[in-house]
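A short worksheet on the structure shown next.
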Amino acid sequence: MQRVLEFFRSIGPAIIVAAVVCGPGSMLLSSKTGAIYGYQMVWVLLIAAALMWSMVVLSARLGVVHEHTLLQELANRLGRPVAATVGLFLFLVVAGFQVSNNVAILAALDPFLEREGATESVLAAKPWAKIAVLIFLNLFVIGVIYRFGNLYKPVERLLKGIVLLVVASFAINLFLAGPSLGGILRGMLPSPPEGGYGAFFSSPTGNANVTVLQALIATTFSVAGAFFQSYSVRAKGWGLADAKKGMIDSLVGICVLGGVSLILMSTAAAALHGKVDPGKLDSVSAIARQFEPLFGHWAKLVFGVGIFAGGFGAFMVNALIGGNMLADGFGKGSTMNDRGTKHATVLALAIGLVIAAISILRNVKAVYAITIAQASTVLGLPALALALLYLATRPELRGERRVPRWMIVMSSIGLVLTILLTVRTVMRLVEQFSQPG
């Protein structure tokens with residue numbers, strides 16, 4: 001038991017990555033994929049998780065083999081403007097997703113605020129009440145940021161607790177759903193979606209189901225989250241002697257990420273596939289409501305606890321990542337504890353809150369917030385993947401500091417995937433905005 005506790009205390013950096021990646025959007029897409037395809041697309045999730053692990057473990061190694069942070073290394077080698085540009089790109093990714101995180105965390109509260117016999121929550125018809133909730137949550141995060149001098153330790157402890165709560169909540173619903181182990185195992189064998197493998201390369205707006213699948217890949221394989229892993233291992237105090245520990249930590253974190261997604265996909269496959277119109281599953285609260293007639297009111301609330309916990313973890317850490325990257329890119333702070341990082345984090349929170357509040361007051365659908373996130377991703381993620389590979393292939397990294405070739409090969413495959421997803425995102429945005437009306 002003592003060894004288990006020591007192991008649990010030793011991990012942490014990759015748990016932060018898992019917490020930010022496994023937010024409400026990822027949870028929604030995992031459930032929706034299970035509702036659409038059943039267990040058929042488990043293999044897609046496994047491939048995305050494997051590529052994510054390779055990028056996370058590469059970032060962790062770069063965090064201990066280089067003398068400075070990644071953006072400081074870029075500034076020293078390529079100039080401050082390059083580092084500032086990469087930091088700004090990542091900040092834009094974060095700010096875009098922070099908008100959708102604000103919207104999603106309200107949806108996560110719906111199961112707890114629904115009136116008996118009503119189809120919407122107490123907040124649904126009260127926009128100012130929604131904004132008040134968001135202001136409170138943002139102020140709470142700001143208070144936490146400025147309250148602690150050493151921010152990494154309390155954040156790591158909080159997220160470990162959140163991850164345990166998320167896994168426990170979703171595992172209960174998985175048990176109630178009674179998934180097919182054989183179905184899960186068969187789903188690990190590659191099989192094409194409707195339209196064959198060519199459907200992955202068809203028009204981005206032509207097949208809504210395949211678009212959901214591609215979005216699942218994009219949310220599971222998060223280069224922005226992987227990039228931050230190098231900063232987390234430095235904050236943990238790890239050095240070159242801890243490189244092996246970094247690999248294990250990365251594996252644990254990605255197993256948590258992939259495991260939560262697999263639990264959600266399997267639960268939806270067992271309980272919703274072929275029984276519910278996937279088109280109606282447009283929010284995490286809509287999925288929670290589908291479980292009520294199947295498992296009872298309390299099961300919906302248990303699912304809601306997991307959604308809210310995961311959403312709040314992503315809500316807080318996403319902004320911290322953006323603040324840290326923006327500050328470091330401009331040379332104003334390289335750790336969570338620097339005032340430049342904290343000020344930039346508040347800026348990310350403010351942008352997300354203001355745009356979300358405007359969309360609520362104008363009754364704008366959440367799809368516009370998601371569009372902002374997609375547009376910023378187009379600018380940022382390939383640049384981040386290229387930066388990781390550039391720093392991994394520096395000639396002075398020799399001997400024990402050398403980056404293993406397999407990490408570079410797998411991360412290069414990840415870069416290609418990132419570029420393909422970016423191209424498809426651009427195509428989808430162009431098609432959406434070129435449609436009349």
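The values are calculated or read from the model by the stated rules, or taken from the named source; none is laboratory data. Just so we're clear, the structure is a prediction, and the values are computed from it rather than from any experiment. A quick note on method: Cβ atoms are made from the backbone with ideal geometry, for glycine too, and the neighbour counts reach across all protein chains shown.
See the values below:
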read-out	value
Residue among V103, V99, V64, V94 that is within 20 Å of the chain's Cα centre (by Cα) and within 23 Å of K153 (Cβ to Cβ)	V94
Total residues in segment 301-343, condition at pLDDT 85 or above and either touching an Asp or Glu at 6+ places or on another chain (Cβ under 9 Å) or acidic (D, E) (or both)	9
Residues located in segment 212-258, provided they are hydrophobic (A, V, I, L, M, F, W, C) and outside any helix (DSSP H, G or I)	F221, W238
Residue in segment 225-243 that is among the β-branched types (V, I, T) and in contact with a Gly (Cβ under 7 Å, 6 or more places away or on another chain) present	yes
E67, sole failed condition from (1) in contact (Cβ under 8 Å) with a residue 12 or more places away in the chain; (2) surrounded by fewer than 20 Cβ atoms within 10 Å (Cβ to Cβ)	(1)
Breaking point among (1) free of Cβ contacts under 8 Å to residues at least 60 places away in the same chain; (2) outside any loop (DSSP other than H, G, I, E, B), for K275	(2)
Qualifying residue in segment 232-241 (condition: at pLDDT below 85 and touching a Lys or Arg at 6+ places or on another chain (Cβ under 8 Å))	yes
Tabulated pairs, segment 329-344, first closer than 19 Å to G63 by Cβ, second crowded, with 17+ Cβ neighbours inside 10 Å and hydroxyl-bearing (S, T, Y), C-beta under 6 angstrom, 6+ apart or interchain	G333/T341; S334/T69; M336/Y152
Residue that is more than 20 Å from Q214 (Cα to Cα), in contact with a His (Cβ under 9 Å, 6 or more places away or on another chain) and assigned to a helix (DSSP H, G or I), where the choices are L397, L391, L386	L391
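Here is a yes/no grid of residues against (1) modelled with pLDDT under 85; (2) surrounded by fewer than 19 Cβ atoms within 10 Å (Cβ to Cβ):
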site	(1), (2)
A218	yes, no
G225	no, no
F228	no, no
L251	no, yes
K275	no, yes
V284	yes, no
